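Readers should treat all values here as calculations from the given coordinates under stated rules, not as data from a laboratory. Here the structure is a predicted model, which is why all the values come from computation and not from measurement. So basically every Cβ, Gly included, is an ideal-geometry build from the backbone, and we count neighbours across all protein chains shown.
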Amino acid sequence: LKAVSLGPLHGYGILLRIQQISKDRLEIQQGSLYPALYRLEHLGWITSEWGESENKRKAKYYRLTAAGKRRLQAETQNWNSMADVIAGILGTKPEEV
C-alpha cells in the first residue's frame, strides 16, 4: 500500500518503489507481487486501470483508494505501536535499533 500511496504505478514500478523505499533491503519477486496486488484490489484497497508505460507498452496501473489510505494509516499506527513496545522491551528507542 505504501508503494502506491505516492502515486499510480505499474507492477514493475511497484517492485522498484519497494526496493527504493526499503533502501534495497526488500526485494519482492513478481510471482509474489501480482497475487498480492490481486488480493489488495479484491479488498478494495487499490484499484487498477490500463495505461501506457514509459516505453509505450500497455501496462496495468495501480492506485490507492480511500479505503486503502485508511488501511495504510491504521497499519502504520499498529506498526509504530508495536515498534514502541519492542523498543521498550529491548531498552532502546526505535530509531536506535
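As a proxy for reagent exposure, 81, 22 were ordered by neighbouring Cβ count within 10 angstrom, fewest first; the result is 81, 22. Residue order for 24, 84, fewest other beta carbons within 10 angstrom first, comes to 24, 84.
Placing dummy labels 7 Å off each Cα toward the beta-carbon, the span from residue 85 to residue 72 is 2.5 nm. Against the longest alpha carbon principal axis of the chain, how many degrees, from 0 to 90 and to the nearest 10, is the axis of helix 30-42 turned? The angle comes out at about 90 degrees. Counting only alpha carbon atoms, the long axis of helix 11-21 and the longest principal axis of the chain meet at about 30°.
Ordered by the number of other Cβ atoms lying within 10 Å of each residue's own Cβ, fewest first, 48, 53 fall into the sequence 53, 48. The angle between the Cα long axis of helix 66-90 and the main principal axis of the chain comes to about 30°, on a 0 to 90 degree scale. Close amide H partners of residue 10, meaning residues 5 or more places away or on another chain with modelled amide H under 5 Å apart, are 62. Of the trypsin sites (Lys or Arg not before Pro) in the range 27-76, the ones in a loop by DSSP (not H, G, I, E or B) with at most 13 other beta carbons within 10 Å are 56, 57.
Based on Cα contacts under 8 Å between residues 6+ apart, the range 2-96 shows a relative contact order of 26 percent.
Magnitude of the charge dipole for the chain, about its Cα centre and with charges confined to Cβ atoms of Lys, Arg (+1) and Asp, Glu (-1), is about 340 debye. Considering helices alone, the calculated mean residue ellipticity of the chain at 222 nm is -17500 deg cm²/dmol, with DSSP H runs of length four and up weighted by -39500 (n - 2.57) and normalised per residue. Largest first and in whole Å, the equivalent-ellipsoid semi-axes of the chain read 30, 16, 11, each the square root of five times a Cα gyration tensor eigenvalue.
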